[in-house]
Amino acid sequence: MLQALRSRRTAALALALALASSAHGANSPSPAAEADPAYWRAVGARALAAQAAAYRGDTAKNIILFIGDGMGISSVSAARIYAGQKAGGLGEDHQLSFERFPAVALSKTYNTNQQTADSAGTMTAMITGIKTLAGVLSVDGSVRRGDCASGQGAEVPSLIEEAEAAGLATGIISTARITHATPGATYAHVVERDWEGASRKQRRRRDALMSPASCSVSTTAMGSTWFSAADGPCSCQIPSPTRNIPESLARAGMGRT
């Protein structure tokens, strides 16, 4: 199980870093292929194999995936110049912290139905290895956005869920609300990113297919630590936290609530 998890995890990370772009670049996939999770897993596996052949290093004990919103080349360039000038330099010659990593890659972000990607579809690619439509969370490209019934059976497991199933410890920390598209893709399987909580009308009609409470969140039992740095408890049905990070750190004398 752990070996299968590692292979799936690395394939998904390879796709997230767009290493797969060279593996299928000239041969554009058909719409049917793009809707098939197996296609994207094969793309990621080929890219991973090509990188692994040249890799010489130790096996990582832990993985921390930082997601920065709006990290295109122009945004990174502006941040680099600003940081360098704030430090008293010219700016253009400055290096941001992650630019000094031993390995850096560019990503190619797009959704299967549009060129300008959104957070829901791109985070799904990062956390599952499967490219999909804009506006949907951890479901494949066969769904129709906003059509709850189309999402039944189209769920794709996230790396968080697979790690939990393998008995590994996981956690999510978000400066946005925990039901937002980027953190939401780690645990939810939903065909509309805006279904962050049941409306008053939907709460009165629990049996409605359109109710987020009935179809938006994975039913997988998870023991992750859930903590939103920006917001308090939300109204969505999400897995219950096993512990609160600030309180745990405070009790250990390493932080504050």
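The residues of segment 99-136 that are without any contact (Cβ under 8 Å) to a residue 40 or more places away in the chain, over 24 Å from residue 178 (Cβ atoms) and within 19 Å of the chain's Cα centre (by Cα), listed by number, are 104, 110, 113, 114, 115, 116.
All conditions but one from (1) surrounded by 13 or more Cβ atoms within 10 Å (Cβ to Cβ); (2) under 18 Å from residue 35 (Cβ atoms); (3) over 17 Å from the mean Cα position of the chain (by Cα); (4) not aliphatic (A, V, I, L, M) apply to residue 153; the one that does not is (1).
Of the residues 46, 56, the single one that is among the basic types (Lys, Arg), surrounded by fewer than 18 Cβ atoms within 10 Å (Cβ to Cβ), more than 16 Å from the chain's Cα centre (by Cα) and not in a loop (DSSP other than H, G, I, E, B) is 46. Applying the criterion of being surrounded by 12 or more Cβ atoms within 10 Å (Cβ to Cβ) and touching a Leu at 6+ places or on another chain (Cβ under 9 Å) to the residues of segment 72-104, the residue that is farthest from residue 122 (Cα to Cα) is 84.
Determine if segment 208-219 includes at least one residue that is at pLDDT below 90, under 14 Å from the mean Cα position of the chain (by Cα) and assigned to a strand (DSSP E or B). If you could, list the steps in order and put the result at the bottom.
Taking segment 208-219 and keeping what is at pLDDT below 90, we get 208-219.
Within this subset, residues satisfying the condition of being under 14 Å from the mean Cα position of the chain (by Cα) are none.
No, segment 208-219 contains no residue that is at pLDDT below 90, under 14 Å from the mean Cα position of the chain (by Cα) and assigned to a strand (DSSP E or B).
For the subset of segment 144-155 comprising residues that are in contact with a Ser or Thr (Cβ under 7 Å, 6 or more places away or on another chain) and in a loop (DSSP other than H, G, I, E, B), which member is nearest to residue 172 (Cα to Cα)? The residue in question is 154.
Residues checked against (1) at pLDDT below 90; (2) under 14 Å from residue 137 (Cα atoms); (3) among the hydrophobic types (A, V, I, L, M, F, W, C):
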| residue | (1), (2), (3) |
| --- | --- |
| 168 | yes, no, yes |
| 174 | yes, no, no |
| 179 | yes, yes, no |
| 185 | no, yes, yes |
| 192 | no, yes, no |
| 202 | yes, no, no |
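For segment 92-129, the set of residues classified as touching a strand residue (DSSP E or B) at 6+ places or on another chain (Cβ under 9 Å), among the hydrophobic types (A, V, I, L, M, F, W, C) and either modelled with pLDDT of 95 or more or in a helix (DSSP H, G or I) (or both) consists of 120, 123, 125, listed by residue number.
Would you say residue 141 is closer than 24 Å to residue 178 by Cα and part of a loop (DSSP other than H, G, I, E, B)? Yes.
Among the residues of segment 61-91, those that are assigned to a loop (DSSP other than H, G, I, E, B), out of contact with any helix residue (DSSP H, G or I) (no Cβ under 6 Å at 6 or more places or on another chain) and farther than 23 Å from residue 176 by Cα comprise 61, 62, 87, 88, 89, 90. From the list 50, 33, 60, the lone residue that is in contact with a Phe, Trp or Tyr (Cβ under 7 Å, 6 or more places away or on another chain) and either at pLDDT 85 or above or of a type outside the set (Ser, Thr, Tyr) (or both) is 33.
The values are calculated or read from the model by the stated rules, or taken from the named source; none is laboratory data. A quick note: this is a predicted structure, and the numbers were derived from the prediction, not measured. Neighbour counts run over all protein chains shown; Cβ positions are idealised from the backbone, glycine included.
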